[in-house]
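Novice: Have a look at this one before I ask anything.
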Amino acid sequence: MKQRLPVLAFTLVMAAIPFIPDMPPFWIVLLDNIGLAALVAMGLVLLTGVGGLTSFGQAAFCGFGAYTTAVLTTAYGVSPWLTLPLSLIVSGVAAVFLGLVTVRLSGHYLPLGTIAWGISLYYLFSKLEFLGRNDGISGIPPLSIGSMTMADPGKIYFVIWAAVILCAILTLNLLDSRTGRAIRALRRGHIAAEAFGVQTAGAKLLVFVYAAVLAGLSGWLYAHFQRAANPTPFGAHAGIEYLFIAVVGGAGYIWGAVLGAGIVVVLKEILQSYLPYIFAGSGQLETIVFGILLVVLLQLAPTGMWPRLMAWLPSAPDRKPIDPTAALDARPRPTLGNGVLLQIENARKEFGGVVAVNDVSFDVQAREIVALIGPNGAGKSTTFNLITGVLPSTRGRISFLGKTIDNAPPQEVVKLRVARTFQHVKLVPDMTVLENVAIGAHLRGEAGPIASMLRLDRGDEAKLLAEAARQIKRVGLEDQMYQLAGSLSLGQQRIVEIARALCVDPILLLLDEPAAGLRHLEKEKLAALLRQLRAEGMSVLLVEHDMGFVMNLADRVVVLEFGTKIAEGVPDAIKTNPDVIQAYLGDAA
């Protein structure tokens, strides 16, 4: 309820503004423009700030929404309200086609790709005869409800801001869900997300299409607000400005889109109104000053103005309610014939002329802790990546429960209940510990994006959060549950990764240097936890450099050197193996 109060207050304030006595019509028009820009920026916040996909072409999707309703209402007499779903569909379908190509790009190629199709679509709009070419389409009918026609800015104002507030609520609901956590995980790269079953290509396409639909909605409203549509507002310049709005407001914050739209639209209007008088009409100096001021704003608040504003207000941790009665269904343990879970046979990985894993063979039995040790560069993490599908093997065979998994994608491997942590911690630092751990249970949830936006996923969400809370308590971090993951020490972050992996309810748990950064007592607690997991029927394969930790915990040890297995056996045998002593342990062992 506390989270809803600010939204309710904002809604009441925006609803009251047109009724302020002597309110200048100019300010209503300005607020209309702010609302239209906020809708596009909201999609960019989700796309760029949350999903990590930079787009300069969102203005083109506004064009799809605007031209769809313009053509249907003027040429075919279709009711403006009936064109709304069609405008959104056209924008969404266009985004699917463009997204299938664009979201596969990475690095600087992604924004360059969006600039390319943004410019292309702008020129397409200006060349098509049925869209009016450069002159566009005029005489678009206004929105109306019954006998009330929304021909003036003061009446369509309520429709625009109702759309802004509704879309903000739906977007916040989406982010606060299983699907939202998957989207937010994309910003830290795809490897960790895929390791827990997230279909990253699908998640990227989803957020791309959603942002396009919001832009299409803005374009539909713009067409009926301006009563005309031409190519000028849908070009690359407008696309860049929308991205500026998202960044200035705060690229990771939904309400930052509204704030950014207000800052940029008002600032632009002030400069266009007063600079010509100050500089005696010297050509377009407002553009230069506008750019300088935006750079200054980004210097003062690199993460945007919204978090800067929120820092001045009292805030409490985001404590998601945990239902102690909610629980995920228990997953049965498989019956093993010969007791072998994981079988690696002559696995090999070559990077060009470099052999990282050289025909390595070993297995992991049920209820067993196996340690994979060796000097730096021995191929231990590469072996983990071969097992979990992060890297394809050059040759050899890897099977789990008798099923071949070499070259299987990570999403298929985790479905078999193989979970892992990483050598370099891969958490989302601005998500809480609870949210990070809940990503591990992604495949155990069912609710999709539509159910999430409409808040129909609460039962499913309660189970996922309850499971995440249970695993956090299991690893001893319940006091840090609502802290941001980035605020924890490295050792604590590694424990969070273990809790996230346990949310898979794995049969085999792969731990990459889990004791690194832990103090002595924390290592003892970790060892006790791993022994408990083994007693419960789980198997563990771990990479670790702390030999005291390994030798007191592992049932068997496999030793690699330069990608080749040089020894395998029980800890006591490994300690006295001359090849291992020479290659890794040293004479002190």
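Novice: Taking the conditions exactly as written (β-branched (Val, Ile, Thr) and assigned to a helix (DSSP H, G or I)), does Ile115 satisfy them or not? Walk me through how you get there before you give the answer.
Specialist: Details: β-branched (Val, Ile, Thr): yes; assigned to a helix (DSSP H, G or I): yes.
Yes, satisfied.
Novice: Could you identify the single residue in Leu427, Leu456, Leu443 that is buried (at least 20 other Cβ atoms within 10 Å of the Cβ) and not aromatic (Phe, Trp, Tyr)? Give the derivation first.
Specialist: Details: Leu456 fails: buried (at least 20 other Cβ atoms within 10 Å of the Cβ); Leu443 fails: buried (at least 20 other Cβ atoms within 10 Å of the Cβ).
Criteria check complete, one pass: Leu427.
Novice: While we're here: Exactly one condition in (1) buried (at least 24 other Cβ atoms within 10 Å of the Cβ); (2) closer than 30 Å to Ala485 by Cα is not met by Gly239; state its number.
Specialist: (2)
Novice: Can you list the helices (runs of 4 or more DSSP H) found entirely within region 373-485 that contain at least 2 residues being within 21 Å of the chain's Cα centre (by Cα) and under 30 Å from Asp359 (Cα atoms)?
Specialist: Filter on region 373-485 gives 410-415.
Novice: Check whether at least one residue in region 150-159 is among the charged types (D, E, K, R), surrounded by 15 or more Cβ atoms within 10 Å (Cβ to Cβ) and over 30 Å from Leu464 (Cβ atoms), and report yes or no. Full working, then the answer.
Specialist: First pass over region 150-159, keeping only residues among the charged types (D, E, K, R): 152, 155.
Those left that are additionally surrounded by 15 or more Cβ atoms within 10 Å (Cβ to Cβ): 155.
Within this subset, residues satisfying the condition of being over 30 Å from Leu464 (Cβ atoms) are 155.
Within region 150-159, one or more residues are among the charged types (D, E, K, R), surrounded by 15 or more Cβ atoms within 10 Å (Cβ to Cβ) and over 30 Å from Leu464 (Cβ atoms).
Novice: Condition test on Pro80, is it more than 14 Å from Leu205 (Cβ to Cβ), out of contact with any Lys or Arg (no Cβ under 8 Å at 6 or more places or on another chain), surrounded by fewer than 16 Cβ atoms within 10 Å (Cβ to Cβ) and not aliphatic (A, V, I, L, M)? First the steps, then the outcome.
Specialist: On the way: more than 14 Å from Leu205 (Cβ to Cβ): yes; out of contact with any Lys or Arg (no Cβ under 8 Å at 6 or more places or on another chain): yes; surrounded by fewer than 16 Cβ atoms within 10 Å (Cβ to Cβ): no; not aliphatic (A, V, I, L, M): yes.
No; evaluated as a whole, the condition is false for this residue.
Novice: Where the second residue is surrounded by 12 or more Cβ atoms within 10 Å (Cβ to Cβ) and assigned to a loop (DSSP other than H, G, I, E, B) and the first is assigned by TED's automatic domain parsing to the domain that holds Ile17 and hydrophobic (A, V, I, L, M, F, W, C) and lies in region 146-157, which pairs have Cβ atoms under 7 Å and are six or more apart or on separate chains?
Specialist: Met150/Pro142; Ala151/Pro142
The values are calculated or read from the model by the stated rules, or taken from the named source; none is laboratory data. In this text the structure is predicted, and so the values were computed from the model without any measurement. Please note: Cβ atoms are built from the backbone with ideal geometry, for glycine as well, and neighbour counts cover all protein chains shown.
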